[in-house]
Amino acid sequence: MSDHEQLARDLHEEIKAAGDEATLEAVRVSALGKKGRISQLMKSLGSMDPEQRKIMGPALNGLKNDIQAAISERQKALYAAALDARLQTEKLDVTLPLPPSAQQMGRIHPVSQVMDEIAAIFGDMGLSIAEGPDIEDDFHNFTALNIPAEHPARQMHDTFYFNEREDGSRLVLRTHTSPVQIRTMMSGPPPHRIVAPGRTYRCDSDQTHTPMFHQIEGLVIDKETHIGHLKWVLEEFCKAFFEVDSVKMRFRPSHFPFTEPSFEMDIGCARLGNEIRIGEGEDWLEILGCGMVHPSVLRNVDIDPDVYQGFAFGMGIDRLAMLKYGIPDLRAFFEADLRWLRHYGFVPLDIPTLHGGLSR
Amino acid sequence: MKFTLSWLKNHLETDANLDQIVDKLTMIGLEVEEVVDAAKKLSAFKVAHVVSAEQHPDADRLRVCIVDTGQEKIQVVCGAPNARTGMKGVFAPSGTVVPGTGLLLKPTKIRGVESNGMLVSEREMGMSDEHDGIIEVPQDAVIGTPFAQVVGLDDPMIEIAITPNRPDCLGVRGIARDLAAGGLGTLKSDTTATLDGKFDSPIGIDLKFDADKAEACSGFAGCYVRGVKNGPSPEWMQRQLKAIGLRPINALVDITNYVAYDRCRPLHVYDADKLSGNIHARMGKTGETLAALDGKEYKVDEEICVIADDAAVLGFGGIMGGEASGCTEDTVNVFIESAFFDPIRTAATGRRLGIESDARYRFERGIDPAYMEPGIDLAVDLVTRLCGGEPSKMALAGKAPLINTEISFKADEIKRLAGIDVSGEDINKILTDLGFDVVEDGSAFNVTAPTWRPDVNGRADLVEEIVRIVGVDNIPAVALPKHNGITQPMLTVGQKRVFSAKRSLAARGMVECVTWSFIPCEQAAMFGGGSDELELANPISTEMSSMRPSLLPGLISAAARNVDRGFSDLALFEVGQTYHGTQAHDQYMMASGIRVGTAKPGSQGRHWRYAATPVDTYDAKADALEALSAVGAPVANLQIFDGAADWYHPGRSGTLRLGPKTILAEFGELHPRLLDDMGLDRGAVAFEIYMDRLPGPKKRKSTSKPPLQASDLQPVRRDFAFVVASDVKAADIVRAAIGANKALVDTVSVFDVFEGSAIGEGRKSIAIEVTLQPRDKTLNDAEIEAVCSAVVDKVITATGGELRG
């Protein structure tokens, strides 16, 4: 056996025997370092005769490459083994609980959520959102809406008044969102298609009434809108809002000073313990008042009732939220109890859309 | 308005059953609120025969009865002294709830003897307080007959809600007329005998009003009836009155109540022998008083329409009579009043005096002016039939104001407003059935509303009449035409901003509240409000009396309540209105929030991953900036000023401004004294954003974004630490560093702030990282060095500080 063959065998043994990277490095240096065994042999090439060099040159180069490859392979194996060994020692308790993210902690109030739902539905019908102030005058809240000073309906409203002003008039907190009808119709000529959600106030506080609550008003005025359209809009709204395929509903003739004819709308429901199921069952639930805008109201805002016509409706947003989401107590809406808000509120990314569905 | 089924049938010929009537009432606009069907409620209670009643072996006062219910014989232990063999009583089997006590009957053993069901007393039936013995029914009663039938309680009571426009339905006849028009039978004709008096009324009537007040009582009809015999009214009348919740008093009084409910015609009957001279309707005089029938003494004033005789005030017109002239069992001669009082004055007077009465309720809604005199006919008819006596001729003063509005009406109008075709024939029939006078005039109708319908003034009212009788259910729904194929955006900028503010704050872990618009006055004052003009005149309570000038008082109070409940780390926000004056533009839209305890975004309370750190001003600043950014405010261009409103900590608060003057937001630690005053005992930070002050969005020319400027050249980062005086603003250092070379300095961030003895009193160290972004070529060391020294120079010049060694 030639020297280099013996050397190759020795080195392979040593590489194989190297148990860690440091030992392997020592082998590498002893073989391939400046004074290494292979390096020494390489140096001896210069003193060989050409014939011998022709044989030994490639042989030694082959040995060098072979050993380099073996070292590199051994290096990888050692590294992998070392990593495996390290990983064996690295252990986390993945059951440790994490804090909820900000998005999980945040909540949107049911009133805001339902307002967003309502906006999505009526927006799709081409109604835009109008607004008006909470502090109103007599004209917008009553007179223009065909509610004269002595009308019994005005007593029914339980109005919050501000103190009398120098001219004897008193401002009020709007008792309904209907003044926005007046503001809309006075803002420009028909057609009008709006909904007006907002805060409303009545001097009333008991189990089912709070002195502040939310209403949404609807108004459509043009030259052809009639009761059939009103029925369609409200039926479609109820189906979309309650996310049911059909809703049993009925319109009962009623009376409001600002509409003629006037109706109240009931939807069918079934009461199962605490739950109210909408759209089915034998019970009726009154959810809104509506009608064709009274000719006197149109005249009060300089619209000719023989040319223009249309409907208006008003409903309680808090009540809609209670019905849809099974919220039992109106008063809790305004108490800001963290437990209630967390439970009945919505996470910020629950954004209601028609194409994606209003609720999850 | 309450009435019984049998009362209704006095006016309505119908085969319809109770359910059909109830449904129809609701569907023609007379909403049924309640139906009390005692027969149904008491159906378990039936006549039973006591076959035997023997002494209980083990109790002196108890008897063991065998009761025959017609179906079986049952053993009942009974304690009533009148329980005896052979009697007929009222038996309720086990499983029945006893109305008077609310107890459920169960099979039981009384002193060792089995007992099932109960023989009941009147008190147990909820009929009276009688409890000395069990009810005895006449021997001829058939065993098994429902008890309700035996005592005539099998007449259902119906209560309907009457809208203010339908005073005519405050009389049973009006309701019958509507039902007849609705196709549920025929209105019976009125069989009241016309008054045929043989002598003139010895008591005259005068209307004594100044011209400007004449409408207070525009008509007054009366009749003197002599020789009546007052006593209890007949059983049928008492039963009807009791069924609707009225207490029978005596025949004369009961007749007035009956007519009020039967015809919506309030009457008054005076004991004529207690009157002195004639009867006058006039305005009251200051100093006069009236002891009214409700037992209270009232002061009269000059705005009240009174009925008086020559000596005193007898009653408040249309509201309530006086005690002194009322009828008693001894009354012999009476004077009956049927007058017409002004609805508006009646309502105002009634409200002022605080008197609720059936008469006021009817007059203020408007009664039929044409029925003033027929009302006397009916009253006299009833008085003479029930109490005998001889009537005078009718005494009459003035005239009730008849309004005969003639409305020209075409069938087209129904198509126009209701979207349905109704034939001329149907229109004519419906309106005629409702009492309208209809004259066809070619294709049009000339319609005159009946005198009992003050609510009908125009064509829309006629459409309502026809629609409610035809049935709203028969109007098909028609899709509202859509103006655009695809839904157009319809939210205003302000509305979108409210939406975005809410969602972005919730995404920072804050919980949205809706708090009251009105708050205690002293809290409003603490936040710069509480002015008289924003104070409610009639608040629910002093806690809810002042329109809020800020959302913070509501949020702080809410936080305090939650902390008291044990939730001491919380982040709340509200987006809503605040009020700074009474004009529409004085109402601001605000987005405000509060963080309490350790409620930072994504971390609160103790946790293994982080230390529980108290919230600080920078959390509130971050909230404000986040919300501002979400609503599209130019956050990068905002200026930040020291200090905020009085309710913030003076040294730990700031404002975010657009330009030097427009404050978009305030933020900071809440003032500790304010938190003390408001009962919040945890540290709290807050922010307030003035949503209306945000600039409008920039008009976009196109939806495309500018091209991306991403350099392939490596950015270069260098750190600097400056020691500056404590009051130097970090923002000044950052601005100076950016200003050193605007072309190359890409970003400057503050990565360390240090204050301590190592640096010296009144000084602090601020460390910044400056990122240079080469644009066209890699920077060489000299170029980098030049920028760095420019940064140092600029910062030192701007702040008077020095580079930290």
* Order these peptides, B:167-173, A:143-149, by their mean beta-carbon neighbour count within 10 angstrom, highest first. => B:167-173, A:143-149
* Structure fact -> Non-local residues with an amide H under 5 Å from the amide H of B:Ser545, with H modelled 1.01 Å from N and Pro and chain starts lacking one, are B:Ile519, B:Cys521
* Alpha-carbon gyration tensor eigenvalues x 5, square-rooted, for the range B:463-522, Å -> 42, 24, 12
* On the full set of protein chains, 1.4 Å probe, figure out the accessible area of B:Cys521 and give it in Å² to the nearest 10. => 40
* Asked: Can you list residues whose amide H is under 5 Å from A:Thr200's amide H, if they're 5+ apart or on another chain and H is modeled 1.01 Å from N?
  -> A:Phe213, A:His214, A:Gln215
* Nearest-20 debye value, chain B charge dipole, Cβ charges on Lys, Arg, Asp, Glu -> 3000
* Structure fact -> Net charge (Lys, Arg +1; Asp, Glu -1) of residues whose beta-carbon lies under 12 Å from that of A:Ile108, A:Ile108 excluded, is -1
* Just how far, in whole angstrom, is the range B:200-235 from the range A:141-213 if you go by their alpha carbon centroids? -> 42
* Asked: In what sequence, largest accessible area first, do B:Glu769, A:Glu243, B:Glu465 appear using a 1.4 Å probe?
  -> A:Glu243, B:Glu769, B:Glu465
* Largest first, how would A:Glu282, B:Glu297 line up by accessible area (1.4 Å probe)? -> A:Glu282, B:Glu297
* So what is the 222 nm mean residue ellipticity for chain A from helices alone, if each DSSP H run of at least 4 adds -39500 (n - 2.57) and you divide by all residues, rounding to the nearest 500 deg cm²/dmol? -> -12500 deg cm²/dmol
* Structure fact -> Taking the dipole of the range B:497-603 about the Cα centre (Lys, Arg +1; Asp, Glu -1; charges at Cβ), the one of B:Phe499, B:Ile556, B:Thr578 that reaches farthest to the positive side is B:Phe499
* Are there any helices in chain A, counted as whole DSSP H runs, that stretch 24 Å or more along their axis by Cα and score at least -1.0 on average by Kyte-Doolittle, and if so which? -> A:50-89
* Structure fact -> Largest fluctuation, A:Asn274, A:Asn61, A:Asn300 only, Gaussian network model of chain A with Cα springs under 10 angstrom, belongs to A:Asn61
* To do: May I ask for the net charge around B:Gly530, where only other residues with Cβ less than 11 Å from the Cβ of B:Gly530 are counted and Lys, Arg are +1 while Asp, Glu are -1?
  => -3
* Mind ranking B:Arg804, B:Arg497 by accessible surface for me, highest first, 1.4 Å probe? => B:Arg804, B:Arg497
* Structure fact -> Rounded to one decimal in nm, the spacing of the 7 Å Cα→Cβ label points at A:Phe139 and A:His209 is 2.9
* Rounded to the nearest 0.05, what FRET efficiency is calculated for A:Glu5 and A:Asn61 with R0 set to 22 Å and r the Cβ-Cβ distance? -> 0.90
* Asked: Which angle between 0 and 90 degrees, to the nearest 10, do you get for helix B:552-564 versus the longest principal axis of chain B when only C-alpha atoms count?
  -> 80
* To do: Quantify how strongly other chains surround peptide B:303-311 by giving the mean number of their Cβ atoms within 10 Å of each of its Cβ atoms.
  => 0
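Apply 1/(1 + (r/R0)^6) to the Cβ-Cβ distance of B:Val97 and B:Asp196, taking R0 = 41 Å, and write down the FRET efficiency to the nearest 0.05.
Calculated transfer efficiency: 0.15.
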* Once the Cα atoms of helix B:781-799 and of chain B are each reduced to a long axis, what angle between those two axes, in degrees from 0 to 90 to the nearest 10, is obtained? -> 60
* **Globularity index of the range B:293-405, i.e. its alpha-carbon radius of gyration over 2.2 N^0.38 Å** => 1.13
* To do: Give the whole-number value, in cubic angstrom per residue, of the convex hull volume spanned by the C-alpha atoms of the range A:3-89.
  => 69
* Asked: How big a patch of accessible area, both sides summed and in Å² to the nearest 100, lies buried between A and B at a 1.4 Å probe?
  -> 7600
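Probe of 1.4 angstrom, ligands and nucleic acids ignored: what's the accessible area per residue over the range B:80-143, in square angstrom?
55
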* Could you work out, residue by residue across A:284-296, how many beta carbons of other chains sit within 10 Å of that residue's beta carbon, and then give the average as an integer? => 2
* Excluding ligands, DNA and RNA, what is the solvent-accessible area per residue of the range A:3-89 at a probe of 1.4 Å, expressed in Å²? -> 66
* Structure fact -> Partner shielding of B:597-604, taken as the mean number of other chain Cβ atoms within 10 Å, equals 3
* Which of the residues in the range A:252-269 lose at least 50 Å² of accessible area when you go from the chain alone to all protein chains together (probe 1.4 Å)? -> A:Arg252, A:Pro253, A:His255, A:Glu260, A:Pro261
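For the range A:108-344, which whole-number percentage of the solvent-accessible area (1.4 Å probe, protein heavy atoms only) is attributable to carbon and sulfur atoms?
Carbon and sulfur: 46 percent of the exposed surface of the range A:108-344.
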* **Whether the range A:108-344 is rounded, prolate or oblate, judged on the alpha carbon gyration tensor where a/c under 1.5 counts as rounded** => oblate
* Using mean Cβ contacts within 10 Å as the protection proxy, how do B:361-367, A:134-140 order, highest first? -> B:361-367, A:134-140
* Rounded, prolate or oblate: pick one for the range B:218-275, where a ≥ b ≥ c are the square roots of the eigenvalues of its C-alpha gyration tensor, a/c under 1.5 means rounded, and failing that, prolate if a/b is larger than b/c, else oblate. => oblate
* Summed side-chain charge close to B:Lys496 - residues other than B:Lys496 whose Cβ falls under 15 Å, Lys, Arg +1, Asp, Glu -1 -> +2
* Asked: For the protein assembly as shown, what is the per residue volume of the convex hull drawn over the alpha-carbon atoms, in cubic angstrom?
  -> 334
* **Buried on assembly, the range B:482-503 (at least 50 Å² less accessible surface than by itself, 1.4 Å probe)** => B:Met490, B:Gln495, B:Phe499, B:Arg503
* **Distance between the range A:301-316 and the range B:670-686 - C-alpha centres, whole angstrom** => 50
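Just the number, please: carbon plus sulfur as a percent of the accessible area of chain B, 1.4 Å probe, no ligands or DNA/RNA counted.
Details: 18230 of 37120 Å².
For chain B, the apolar C and S fraction of the accessible surface comes to 49 percent.
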* Round to the nearest 10 and give me the degree value, 0 to 90, for the angle of helix B:172-181's Cα axis relative to the longest principal axis of chain B. => 80
* To do: Would you tell me the accessible area of A:Arg9, worked out with a 1.4 angstrom probe on the heavy atoms of the protein chains, in Å² to the nearest 10?
  => 120
* For B:Thr492, tell me the accessible area in Å² from a 1.4 Å probe, rounded to the nearest 10. => 60
* **Distance (nanometres) between label positions extended 7 Å along Cα→Cβ at A:Glu164 and A:Tyr79** => 9.4
* Going by a ≥ b ≥ c, the root eigenvalues of the Cα gyration tensor, does chain B fall in the rounded group (a/c under 1.5), the prolate group (a/b larger than b/c) or the oblate group? -> prolate
* Asked: Calculated FRET efficiency, A:Leu98 and A:Thr23, Cβ-Cβ r, R0 41 Å, to nearest 0.05?
  -> 0.40
* Asked: Of A:Lys231/B:Lys415; B:Lys502/B:Lys698; A:Lys223/B:Lys482, which sit over 18 Å apart, Cα to Cα?
  -> B:Lys502/B:Lys698
* At 1.4 Å probe size, with every protein chain present, just tell me what the per residue accessible area of the range B:457-570 comes to in Å². => 38
* Asked: Which value at 222 nm does chain B reach when only helices count, each DSSP H run of 4 or more adding -39,500 (n - 2.57), with the total divided by all residues and rounded to the nearest 500 deg cm²/dmol?
  -> -7500 deg cm²/dmol
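The values are calculated or read from the model by the stated rules, or taken from the named source; none is laboratory data. All of these numbers come straight from a predicted model, not from anything done at the bench. No Cβ is skipped: glycine too gets one built from the backbone with ideal geometry, and neighbour counts run over all protein chains shown. These area figures cover heavy atoms from the full protein model, side chains too; ligands, DNA and RNA do not enter into them. Shrake-Rupley method; radii C 1.70, N 1.55, O 1.52, S 1.80 Å.
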